[in-house]
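See structure below.
The values are calculated or read from the model by the stated rules, or taken from the named source; none is laboratory data. Everything numeric in this text was worked out from a predicted model, so none of it was measured. As a convention, Cβ positions derive from the backbone with ideal geometry for all residues, glycine included, and neighbour counts pool all protein chains shown.
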Amino acid sequence: MTATAHSSGRPAAATQARPGLWKGRTVVIIGLVLLGIGLRYAVTGMSPLLGDVRAALSISTAGATFLGMLPTLSFGIGGFLAPVLVRRWGPEATALAAVALAAVGALARPFGGGAVPFFILTVLALVGMGLGNVTGAPLVKKYFPDRPAAMITLFSLLMQAGATLPAMTALPLANAVGWQGSLASWGLLSLIAVVPWTVQLGASRRRAHDAAAPAVVVAPPGAPAQKIGFGALVKSPVARGTALFYAMASLNTYAMLAWLPTMLVQFSGLSKGDAAAAFSIYTFLTLPMAVITPILANRLKKPAALAVALAATGPLGYVGLLTHAGPAWGWVFVAGISGGAFPLAIAMFNLRTRTTAGSAGVGGFAMGTGYLAGTLGPLIGGWLFAATGSWTAPLWVYAVTFVPMAIGALVMAKPGRYVEDALDPR
């Protein structure tokens, strides 16, 4: 299971023959596939079953609202924890912890026997998924320095597919085996993922104790070990810019996931069926954008223009809805292109770092901050609508987020600057 990686932001060794994709990395690839596709099912697989869950467990409206906030809160917690665990345990052990927590929480929560155990086990599963959100990029950096664009694209695409498929299968499975079986079913994926990450962790530790084995990570000669803690990340312009970009993307995305269908009915005058169809366009666009944006980010010498363009598409769509110029679904399509912001940021975790620890650090910092900001998105919209009785104010507030998101994009994507630059020389 030996793989050679480099600490630079771009793969070196242009003069070396590129190894086969599967050579020495089969277990890692299987683990990454299972990790990536298992990072959203605890959220999207529950949404179609929420009515059944509330009825069975006597969850109030306030409880349902809190349940809806748990994903972003838990992802934020997992995002801040992940770099610490990667630094102390390594990315393989962190990936194992991620899938193990997700499996235990997802498999047990439908059978916990009440609302309180359900909430606790939901948090357990979601924190595990929050760890997995961050761990993918440093694993790609460590094991696939020769194919960073392809593997980040694959991981991003699997994350999006893992959000779509559970939502599609939730009701058919519930009709066949009941809501508990449907809700628990995708947890089997995380349980299976425990196997490859256990194997890879064992192989990694054997190499670490075998001085004769080739190193997994080849650092530059004389390079000191670097600790990338929270203080260093706060000092890093790259980390701050990435966090700001991710935070605004998260705030907008979760606001639209919560309110866009309602906006289209109440503000744009669409029927419920047409609003649902338009909303499906918004959510579907995350799949092609997960393929396109990491490839472009890796090929462009200056990806700042791409980042700013993605920051602009959401607000442009909102302004279109505000002006009622043209069909609403067209502006929803424009806004949906902004779904490429998340995979772009994940690609930048590696393009603007030199080390596995740097990738994990900036990923955790950005995702931790971003998902906490994502919690505010639906709350801001709901509060402004309640205060004004219209969706005009919320849409303008979301549109104005282009400014901080574009600033974050420019700082994040500035060429030739890396997170490790903020570290004091040792």
Quick check, is LEU73 part of a helix (DSSP H, G or I), surrounded by fewer than 24 Cβ atoms within 10 Å (Cβ to Cβ) and under 23 Å from the mean Cα position of the chain (by Cα)? yes
Do we have ALA102 as crowded, with 23+ Cβ neighbours inside 10 Å, assigned to a helix (DSSP H, G or I) and modelled with pLDDT of 90 or more here? yes
Since THR356 meets every condition but one in (1) touching a strand residue (DSSP E or B) at 6+ places or on another chain (Cβ under 8 Å); (2) surrounded by fewer than 22 Cβ atoms within 10 Å (Cβ to Cβ), which condition does it not meet? (2)
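Results for (1) part of a loop (DSSP other than H, G, I, E, B); (2) polar (S, T, N, Q); (3) within 22 Å of GLY202 (Cβ to Cβ), shown as yes or no for each residue.
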position	(1), (2), (3)
GLY51	no, no, no
ALA62	no, no, no
ILE77	no, no, no
PRO83	no, no, no
THR94	no, yes, yes
ALA98	no, no, yes
So, of the residues in the stretch 42-57 that are surrounded by fewer than 16 Cβ atoms within 10 Å (Cβ to Cβ) and of a type outside the set (A, V, I, L, M), which turns out to be modelled with the lowest pLDDT? SER47
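Among the residues of the stretch 214-232, is any modelled with pLDDT of 85 or more and of a type in the set (Val, Ile, Thr)?
Going through the stretch 214-232, the residues modelled with pLDDT of 85 or more turn out to be none.
The answer is no, given that none of the residues of the stretch 214-232 is modelled with pLDDT of 85 or more and of a type in the set (Val, Ile, Thr).
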Kindly provide the set of residues from the stretch 250-293 that are in a loop (DSSP other than H, G, I, E, B) and under 27 Å from THR369 (Cα atoms), ordered by number. LEU285
Some residue of the stretch 302-321 being among the small types (Gly, Ala, Ser), part of a loop (DSSP other than H, G, I, E, B) and either at pLDDT below 90 or surrounded by fewer than 20 Cβ atoms within 10 Å (Cβ to Cβ) (or both): no
Could you please find all residues in the stretch 365-398 being surrounded by fewer than 19 Cβ atoms within 10 Å (Cβ to Cβ) and not in a loop (DSSP other than H, G, I, E, B)? LEU376, LEU379, ILE380, GLY382, TRP383, ALA386, ALA387, THR388, THR392, ALA393, TRP396, VAL397
For the stretch 262-292, enumerate the residues that are under 26 Å from MET348 (Cβ atoms) and of a type outside the set (Ser, Thr, Tyr). PHE284, LEU285, LEU287, PRO288, MET289, ALA290, VAL291, ILE292
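Okay, residues lined up against (1) of a type outside the set (Val, Ile, Thr); (2) out of contact with any strand residue (DSSP E or B) (no Cβ under 8 Å at 6 or more places or on another chain); (3) surrounded by fewer than 24 Cβ atoms within 10 Å (Cβ to Cβ); (4) not in a helix (DSSP H, G or I):
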site: LEU139; (1), (2), (3), (4): yes, yes, no, no
site: LYS142; (1), (2), (3), (4): yes, no, no, no
site: LEU165; (1), (2), (3), (4): yes, yes, yes, no
site: PRO172; (1), (2), (3), (4): yes, yes, yes, no
site: LEU189; (1), (2), (3), (4): yes, yes, yes, no
Would you check which residues across the stretch 298-327 are more than 23 Å from LEU395 (Cβ to Cβ) and free of Cβ contacts under 8 Å to residues at least 60 places away in the same chain and list them? LEU300, ALA305
